[in-house]
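Report on the structure given below.
The values are calculated or read from the model by the stated rules, or taken from the named source; none is laboratory data. Predicted model, so just to flag it, every value in this text is computed and none were measured. Here the Cβ is made from the backbone with ideal geometry for all residues, glycine too, and neighbour counts use every protein chain on show. Ligands, DNA and RNA are stripped out before the accessible areas are found, and what is left, the full protein with its side chains, is counted by its heavy atoms. Shrake-Rupley method; radii C 1.70, N 1.55, O 1.52, S 1.80 Å.
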Amino acid sequence: MNILITGGTGFVGQAIIARLNSEGHCQVWVLTRNPENPVLENHLANNHAITCLDQIEEGTTIDVVINLAGEPIADKRWSDNQKQKIMASRITTTNKLLAWLATRTIKPKILISASAIGYYGVQTSVEASDQTNDLEIDETGQPDASFSSELCQRWESEALAATKLGIRTCIIRIGVVLGKDGGALSKMLLPFKLGLGGRIGSGKQWMPWIHIQDLRDLFFFCIENPQIEGVLNATSPNVVSNKQFSTCLASVLSRPAALPMPAFVIKLLMGQMGEELLLSGKKVVPKKTLSLGYHFSYPNLEQALTEILTEQTVS
Ligand SMILES: NC(=O)c1ccc[n+]([C@@H]2O[C@H](COP(=O)([O-])OP(=O)(O)OC[C@H]3O[C@@H](n4cnc5c(N)ncnc54)[C@H](OP(=O)(O)O)[C@@H]3O)[C@@H](O)[C@H]2O)c1
C-alpha cells in the first residue's frame with residue numbers, strides 16, 4: 001500500500017507512520033516543509049520525504065491520503081496575523097492537495113482529513129451557569145461563528161471536495177489527543193507534577209479527549225472498512241469535565257489538584273484562544289464512530305493516563 005501523509009512529522013502523524021512501518025508492506029510519502037527533520041530519520045526505510053506533491057512520480061499509485069498539516073493552533077496568542085496563518089496553513093495545503101488529486105489518473109481509494117471538535121463551536125454560558133451543560137453533541141452537531149468552528153468548517157469543506165473526484169472521504173473531528181511526548185498533555189504535565197495543577201476556570205467545561213493509540217487506530221479503521229465515509233468524532237465515549245480531568249491527572253501522578261487557574265487569568269494571558277480552547281467545551285460523543293463498530297482500546301481516562309504516564313510517574 002502506498003500512503004501520502006501531509007503533516008506526518010507531527011504528534012499524530014508520527015504515531016500513524018510508526019504503525020505503518022511496524023506492519024510493513026507500506027511505502028509512505030511525507031509532505032513536509034523540512035525534509036531534514038530528524039523525526040523522518042527514525043522511519044527512513046520505507047519513507048520518502050517530499051516538499052512538493054509533484055515529486056511523486058506520475059507512475060506511482062497512491063492508495064491512501066492522510067491530511068494532517070497545519071500551523072499549531074494552541075502555541076501562540078491568536079493575533080489577526082496568527083489566525084490568518086492557522087487558517088491559511090490548512091486551507092492552502094488542502095486546496096493544493098485537492099488540485100493535485102484532480103490531476104491523478106488513478107485516484108487514491110480514500111482521503112482521510114483531520115478536523116477538530118472545535119467544529120461544534122463554543123459554549124458561552126459555562127462560566128455563568130451553575131450546571132454543566134449535559135447536552136450530547138454527536139457527528140450531526142451544528143457549527144457556530146467562533147474562530148475554531150469557522151476554521152474547521154472551511155478546512156472540512158476543502159477536503160470534502162474530494163468526493164466530487166470519486167474519492168471516499170473521511171473527516172476525523174479530533175478531541176484533545178493524549179499521548180507521550182507531545183500534544184496538550186505535555187504542556188500540562190509540569191505544573192501537575194509540581195503539585196501546582198488544577199481545574200481551569202469553573203472546570204465545568206467539557207473536555208473531550210482521546211488516547212493517541214485510539215486516534216491512530218481510527219485512521220486504520222477508516223482505511224480498512226470501505227463502507228465508512230463522512231464525519232467521525234475522534235473522542236472517547238467517556239467525556240469528562242475539565243475539573244474531572246484535572247482531578248484524574250493529579251491522582252494518577254499522586255499529586256494534589258489544588259490550584260485552579262482562574263478564568264480571568266486565562267483570558268488575560270491567552271485572549272480568544274484561551275476562551276475558545278480552554279474555557280469552553282461541549283460534550284462531544286463519538287456516536288457514529290461507535291455505531292460503525294470502532295472499539296476503543298482506552299475508553300476510560302484513568303486507564304489512558306496511567307498507560308501514558310507510567311514511565312514518568314516511576315522516574
Ligand atoms: N493534537 C491534538 O490534540 C489535535 C486535536 C484536534 C485537532 N488536531 C489537528 O490534527 C492535525 C495533526 O495534529 P498534531 O498534533 O499532529 O499537529 P502537529 O504536531 O502540530 O503537526 C502538524 C504538522 O503540520 C505541519 N505544519 C505545521 N505548521 C505548518 C504550516 N504553517 N503550514 C503547513 N504545515 C504546517 C508540520 O509538518 P512539517 O513541519 O513537516 O511541514 C507539523 O508536523 C493538526 O492539523 C491539528 O490541528 C490535533
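In the set A49, A18, which member is of a type in the set (A, V, I, L, M), open to solvent by 30 Å² or more (accessible area, probe 1.4 Å) and closer than 22 Å to E224 by Cβ? Before the answer, list the steps.
Values: A49 fails: closer than 22 Å to E224 by Cβ.
A18 is the lone residue from the list that is of a type in the set (A, V, I, L, M), open to solvent by 30 Å² or more (accessible area, probe 1.4 Å) and closer than 22 Å to E224 by Cβ.
Across the range 21-31, which residue is modelled with the lowest pLDDT among those that are open to solvent by 30 Å² or more (accessible area, probe 1.4 Å) and more than 13 Å from the ligand (Cβ to nearest atom)?
Restricting to residues being open to solvent by 30 Å² or more (accessible area, probe 1.4 Å) and more than 13 Å from the ligand (Cβ to nearest atom), the top hit is H25.
Quick check on my filter: what residues within the range 295-305 are over 23 Å from L135 (Cβ atoms) and buried (at least 16 other Cβ atoms within 10 Å of the Cβ)? Let's see the steps before the verdict.
Here is the first cut: in the range 295-305, the residues over 23 Å from L135 (Cβ atoms) are 295, 297-298, 302-305.
Correct list: Y298, A304, L305.
Provide a single number: the residues in the range 167-199 that are in a helix (DSSP H, G or I), under 18 Å from E307 (Cα atoms) and either β-branched (V, I, T) or open to solvent by 40 Å² or more (accessible area, probe 1.4 Å) (or both).
Of all residues in the range 167-199, those in a helix (DSSP H, G or I) come to 183-193.
From the residues that got through so far, the ones that are under 18 Å from E307 (Cα atoms) too are 183-190, 192-193.
Imposing the further condition that a residue be either β-branched (V, I, T) or open to solvent by 40 Å² or more (accessible area, probe 1.4 Å) (or both) reduces the set to 186-188, 190, 193.
Residues that pass the stated criteria total 5.
For the range 77-89, enumerate the residues that are touching a residue at least 60 places away in the same chain (Cβ under 8 Å) and within 12 Å of the ligand (Cβ to nearest atom).
The first filter runs over the range 77-89 and keeps only residues touching a residue at least 60 places away in the same chain (Cβ under 8 Å), leaving 77-78, 83, 86-87.
Selection gives I86, M87.
Tell me which residues, restricted to the range 55-70, are closer than 18 Å to I171 by Cα and either within 8 Å of the ligand (Cβ to nearest atom) or in a loop (DSSP other than H, G, I, E, B) (or both). Steps first, answer last, please.
Filtering the range 55-70 down to residues closer than 18 Å to I171 by Cα leaves 63-70.
D63, L68, A69, G70 - these are the residues of the range 55-70 that are closer than 18 Å to I171 by Cα and either within 8 Å of the ligand (Cβ to nearest atom) or in a loop (DSSP other than H, G, I, E, B) (or both).
Can you tell me which residue in the range 130-166 is farthest from L232 (Cα to Cα), limited to those that are surrounded by 18 or more Cβ atoms within 10 Å (Cβ to Cβ) and hydroxyl-bearing (S, T, Y)?
T132
Scan the range 271-287 for residues that are closer than 26 Å to I228 by Cβ and open to solvent by less than 60 Å² (accessible area, probe 1.4 Å) and report the count. Before the answer, list the steps.
If we filter the range 271-287 for residues that are closer than 26 Å to I228 by Cβ, which is where we start, we get 282-287.
Among the residues that remain, those that are also open to solvent by less than 60 Å² (accessible area, probe 1.4 Å) are: 282-286.
Here the count works out to 5.
Scanning for something of a type outside the set (V, I, T), within 16 Å of the ligand (Cβ to nearest atom), over 16 Å from A74 (Cα atoms) and in a loop (DSSP other than H, G, I, E, B), does the range 141-153 turn up at least one residue?
yes
Any residue that is assigned to a helix (DSSP H, G or I) and open to solvent by less than 70 Å² (accessible area, probe 1.4 Å) - is there at least one of those in the range 32-45?
Within the range 32-45, the first condition is being assigned to a helix (DSSP H, G or I), and the residues that meet it are 38-41.
Subsequent filtering for residues that are open to solvent by less than 70 Å² (accessible area, probe 1.4 Å) retains 39-40.
Checked against the condition, which is being assigned to a helix (DSSP H, G or I) and open to solvent by less than 70 Å² (accessible area, probe 1.4 Å), the range 32-45 yields at least one hit.
Could you tell me which numbered condition A258 fails, if it satisfies all but one of (1) open to solvent by 60 Å² or more (accessible area, probe 1.4 Å); (2) farther than 23 Å from G141 by Cβ; (3) part of a helix (DSSP H, G or I)?
A258 satisfies all of (1) open to solvent by 60 Å² or more (accessible area, probe 1.4 Å); (2) farther than 23 Å from G141 by Cβ; (3) part of a helix (DSSP H, G or I) except (3).
Any residue at all in the range 235-242 that's free of Cβ contacts under 8 Å to residues at least 60 places away in the same chain and part of a helix (DSSP H, G or I)?
There is at least one residue in the range 235-242 that is free of Cβ contacts under 8 Å to residues at least 60 places away in the same chain and part of a helix (DSSP H, G or I).
Pick from T6, T94, T103: which is surrounded by fewer than 13 Cβ atoms within 10 Å (Cβ to Cβ) and either closer than 18 Å to T169 by Cα or β-branched (V, I, T) (or both)? Give the derivation first.
Details: T6 fails: surrounded by fewer than 13 Cβ atoms within 10 Å (Cβ to Cβ); T94 fails: surrounded by fewer than 13 Cβ atoms within 10 Å (Cβ to Cβ).
Residue meeting the stated conditions: T103.
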